[in-house]
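In what follows, a single structure is set out as structure tokens and then discussed.
The values are calculated or read from the model by the stated rules, or taken from the named source; none is laboratory data. Because the structure is a prediction, the values reported are computed rather than measured. When we count neighbours, we look across all protein chains shown, and the Cβ atoms used for this are built from the backbone with ideal geometry, even at glycine. These accessible areas exclude ligands, DNA and RNA; they are computed on the full protein's heavy atoms, side chains included. Shrake-Rupley method; radii C 1.70, N 1.55, O 1.52, S 1.80 Å.
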Amino acid sequence: MSNLVYVCSSCQARSPKWSGRCLSCGAWGSLREEIEDKGKKAPWSAVAPAETIGLATLPTAGEARLATGQGEIDRVFGGGFVPGAVALIAGEPGIGKSTLVLEIAGFLGPDHPQLYVSGEESARQVKDRLDRLPGDFRGLRFLAETSIEKIISTLAASQPALAIIDSVQTMAVAAVPSEPGNIVQIRAVTAELVAIAKKTGLVVLLIGHVTKDGQAAGPKSLEHMVDTVIYLEEEKSRGFRILRAAKNRFGSTNEIGIFTMTGRGFEAVPNPSSAFIHERAESQPGSVISAIMEGTRPFLAEIQALTTKTVFGWPQRKAAGLDVNRLQILAAVLHKRADINLANQDVIVNLAGGLKAADPALDLAICLAVISSLLNQPLGRRTMAVGEVGLGGEIRPPGKLKARLREAAKLGYTAAIVPAGDYGQTGLKIIAVDKLADLVPKIFTPPSK
Ligand code: TYD
Ligand code: MG
């Protein structure tokens, strides 16, 4: 049985009679005639219901992660590779992506066979590189190929534990008419690899090039398709290679690994948490050591501040590696709550070592660095500071404060300026400060007026 109904094209209201104006939303001339079939079956009624799974009855997979045994690499990947996971390793050309994945294969060794598929290099070229790298490559097989159909057929037949695809920009799915490297093609390639990984438990390392201007023609748009996104970056001042987890479905993000690139591939930097601070015999006014969290690991960081009398116009506020808005807020709070007058001072702060951080735990160190520069008084060389600063000038403990303090103690610091609290045995002398107004009297010699 069917009926005529009138449906408003702007609000979807249905009425049995036509009228020039929709009674529901008031739009003029929006009603369209439709035939309503009362006997019509719903579109899903012809589809058989699916089997669902009682999750509690499934056996637990346990710790089935594939680990390389290399601490710096494994931590960034969340403790190893989860079977069926697809990880995108992105970075600029020449940064060391191919070298890194080869090393991973070598560390996994013959017990976990690997297939390295390259659309960029020949077997000979890859072999030349292998000879310089540590690890056991007896489990590694090579395929120079760009056709995804061919690659997946090979993977299905040979069933390695790990497949390396170098790079996503050189591969192509035959059914997709775009050129390799085109965004449509890149996404199709990734979708095929994700499908085979999920189906077979294969781990896929997908390499993606990122161009110099950060224009991630590809990698950025793949982030939601893959399980893990790892960026390989170069730290400009000392040439460290930094491996950073930007997304990890199976581990924490912002986890970083720090390496140097040597003649024998990547080498983990010893004492990575002190990699970004310069050891000096004397401490300088304006320099304060603090601790930031990168993922689950604390890193010591050096804040440098410089205050100079404004010679022209408005006082300047500049920040490198830190948020300049945060600096402006802290400068205002210092003025209001601690009577530190910066109205005629240009203030520049810098997070040393080319690091970038938005960790509010740096607030206290920034304030101390500014005061230290302004008064031209250094902090003790083995003193560090951690704390968040509120608009009322109050100083609060940040998350993971104990871990930060323990790390500082491990690296030879002897005193910490922190909000009062019970931090247990840290090995540091605690200098408790609860509000910004405490800083000058407790830490510095007040200027004679
Ligand atoms: P590569 O892994 O080819 O970079 P990507 O795949 O990201 O384009 O490595 C680039 C550079 O690394 C290359 O200039 C050579 C250098 N390298 C070393 O310094 N040490 C080594 O042991 C190897 C294998 C390469
Ligand atoms: Mg390469």
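Taking the criterion of being outside any loop (DSSP other than H, G, I, E, B) and either farther than 30 Å from A343 by Cβ or open to solvent by less than 10 Å² (accessible area, probe 1.4 Å) (or both), would at least one residue in segment 275-284 satisfy it? No: zero hits.
If you scan segment 99-119, which residues turn out to be of a type in the set (D, E, K, R) and out of contact with any strand residue (DSSP E or B) (no Cβ under 6 Å at 6 or more places or on another chain)? Once the filter is applied, which keeps residues that are of a type in the set (D, E, K, R) and out of contact with any strand residue (DSSP E or B) (no Cβ under 6 Å at 6 or more places or on another chain), segment 99-119 yields only D111.
Does G106 fit the bill of being closer than 30 Å to K236 by Cβ, open to solvent by less than 20 Å² (accessible area, probe 1.4 Å) and not aromatic (F, W, Y)? So G106 fits the description; yes.
Restricting attention to segment 222-240, does a residue exist that is open to solvent by less than 20 Å² (accessible area, probe 1.4 Å), in contact (Cβ under 8 Å) with a residue 60 or more places away in the chain and within 16 Å of ligand 2 (Cβ to nearest atom)? Within segment 222-240, one or more residues are open to solvent by less than 20 Å² (accessible area, probe 1.4 Å), in contact (Cβ under 8 Å) with a residue 60 or more places away in the chain and within 16 Å of ligand 2 (Cβ to nearest atom). Within segment 128-174, if we keep just the residues that are closer than 22 Å to A188 by Cβ and of a type in the set (D, E, K, R), the residue that is surrounded by the most Cβ atoms within 10 Å (Cβ to Cβ) turns out to be D166. Could you look through segment 415-433, keep only residues that are touching a strand residue (DSSP E or B) at 6+ places or on another chain (Cβ under 6 Å) and assigned to a loop (DSSP other than H, G, I, E, B), and pick out the one that is surrounded by the fewest Cβ atoms within 10 Å (Cβ to Cβ)? Of everything passing the filter in segment 415-433, A420 is surrounded by the fewest Cβ atoms within 10 Å (Cβ to Cβ). Whether a residue is open to solvent by less than 30 Å² (accessible area, probe 1.4 Å), more than 16 Å from ligand 2 (Cβ to nearest atom) and polar (S, T, N, Q) was assessed, and T190 passes this test. Only one entry of G96, G84 meets the criterion of being over 18 Å from M171 (Cβ atoms), in contact with a strand residue (DSSP E or B) (Cβ under 8 Å, 6 or more places away or on another chain), more than 16 Å from ligand 1 (Cβ to nearest atom) and open to solvent by less than 20 Å² (accessible area, probe 1.4 Å), and that entry is G84. Can you find a residue in segment 372-381 that is small (G, A, S), modelled with pLDDT under 95 and outside any helix (DSSP H, G or I)? Yes, that holds for at least one residue. Among the conditions (1) more than 14 Å from ligand 2 (Cβ to nearest atom); (2) at pLDDT 95 or above, V101 misses just one, which is (1). Every listed requirement among (1) part of a loop (DSSP other than H, G, I, E, B); (2) within 18 Å of V269 (Cα to Cα); (3) open to solvent by 20 Å² or more (accessible area, probe 1.4 Å) is met by E72 save one, (1). Residues in segment 114-127 that are open to solvent by 60 Å² or more (accessible area, probe 1.4 Å) and either within 13 Å of ligand 2 (Cβ to nearest atom) or farther than 23 Å from M261 by Cβ (or both): E120, Q125. Within segment 295-309, being open to solvent by 50 Å² or more (accessible area, probe 1.4 Å) and in a strand (DSSP E or B) holds for Q304, L306, T308, K309.
In the set (1) modelled with pLDDT of 95 or more; (2) within 16 Å of ligand 2 (Cβ to nearest atom); (3) surrounded by fewer than 17 Cβ atoms within 10 Å (Cβ to Cβ), the condition left unmet by L206 is number (3). Return yes or no: is I165 in contact (Cβ under 8 Å) with a residue 24 or more places away in the chain, within 16 Å of ligand 1 (Cβ to nearest atom) and assigned to a helix (DSSP H, G or I)? When the stated conditions are applied, I165 does not pass them. Among the residues of segment 101-116, those that are out of contact with any Phe, Trp or Tyr (no Cβ under 8 Å at 6 or more places or on another chain) and within 15 Å of ligand 1 (Cβ to nearest atom) comprise I104, F107. Restricting segment 310-366 to residues that are among the polar types (S, T, N, Q), part of a loop (DSSP other than H, G, I, E, B) and over 20 Å from P446 (Cβ atoms), the residue that is most open to solvent (accessible area, probe 1.4 Å) is Q316.
Listed residues R132, R141; which is under 25 Å from G91 (Cα atoms), more than 14 Å from ligand 2 (Cβ to nearest atom), assigned to a loop (DSSP other than H, G, I, E, B) and in contact with a strand residue (DSSP E or B) (Cβ under 7 Å, 6 or more places away or on another chain)? The unique qualifying residue is R132. Only one entry in A268, A217, A291, A245 is at pLDDT below 80 and not aromatic (F, W, Y), namely A217.
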